[in-house]
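What follows is a short report on a single structure.
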Amino acid sequence: APASKLHLQDTNGSIIILNSNTANENNGIFMTEAAAASPYTKGAYVHYDGTNESFKINTGDSTLSTRFTILRDNGNVGIGTTSPSSKLNINGGTGSLSTGLTFGDGDTGIWESSDDVLRFSTASTTRAIIDSSGNVGIGTTSPAKTLDIVGEIRTSGRATFNEYVNTS
C-alpha cells in the first residue's frame, strides 16, 4: 500500500519527468501552506526555468522570490542572484555580516560592507578589511596604506624592511 498520496517505488530507482515540450516553460513542484487557490504565493517552488536555462528554488511568504540558482550550461551557483557570474556567487546585498558568508553560529564570516569593500569578522567584530583601493587593514576599518595594522605585531622570524622604520 502507498505510504502517501504519491508513492514511487522501484528496485532500479524512481524517476519523475516533467516536460512541457516548450523551451521557455517552467517545470516544477510547488510546496505551499497557502489555500489551494493561491499556490504561487506562500511556500516554495522548485523548478527548471527554460527561458533562462537554469534550475531555481523560489521561496516567500506573500510573493515567491528566487533564492537559489544553478545555470544549466556552466554549473554556476547563485545564492541571492539569478545570474551567478562565478562558480559560487553569493549576493545578499551590502551592509552587515548577515548579507555575506557566515560560519558556525553566524557571528564569524566574510561580507561586503559597501561596494568593493570586503570585511572579515569574528564574534561579530570586523578584524580585517580590504578596501576598494586594495589597502588591507588589520585592527582598523579605514586602512590608509597598503598594509595598515593597529595593534602589536609579532614575528618569530626575521622582519625585513627595504626602506626605513618609522617609530613615531
Scope the range 53-80; condition in a strand (DSSP E or B) and of a type outside the set (A, V, I, L, M); matching residues: Ser54, Phe55, Lys56, Asn58, Thr59, Gly60, Ser65, Thr66, Arg67, Phe68, Thr69, Gly78
Pick from the range 78-90, criterion of a type in the set (Gly, Ala, Ser) and touching a residue at least 12 places away in the same chain (Cβ under 8 Å), ranking: most open to solvent (accessible area, probe 1.4 Å): Ser83
Among (1) more than 27 Å from Ser54 (Cα to Cα); (2) among the β-branched types (Val, Ile, Thr); (3) touching an Asp or Glu at 6+ places or on another chain (Cβ under 6 Å) - the single one Thr122 does not satisfy: (3)
Residue within the range 114-123 that is open to solvent by less than 30 Å² (accessible area, probe 1.4 Å), within 24 Å of Thr69 (Cβ to Cβ) and under 17 Å from the mean Cα position of the chain (by Cα) present: no
Check on Gly93, under 30 Å from Asn26 (Cβ atoms), at pLDDT below 90 and either within 12 Å of the chain's Cα centre (by Cα) or open to solvent by 100 Å² or more (accessible area, probe 1.4 Å) (or both): yes
Subset of the range 98-113 (residues that are among the β-branched types (Val, Ile, Thr) and outside any helix (DSSP H, G or I)): Thr102, Thr108, Ile110
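The values are calculated or read from the model by the stated rules, or taken from the named source; none is laboratory data. Just so we're clear, the structure is a prediction, and the values are computed from it rather than from any experiment. We place every Cβ from the backbone using ideal geometry, glycine too, and count neighbours over all the protein chains shown. Surface accessibility is based on the protein's heavy atoms, side chains included, excluding ligands, DNA and RNA. Shrake-Rupley method; radii C 1.70, N 1.55, O 1.52, S 1.80 Å.
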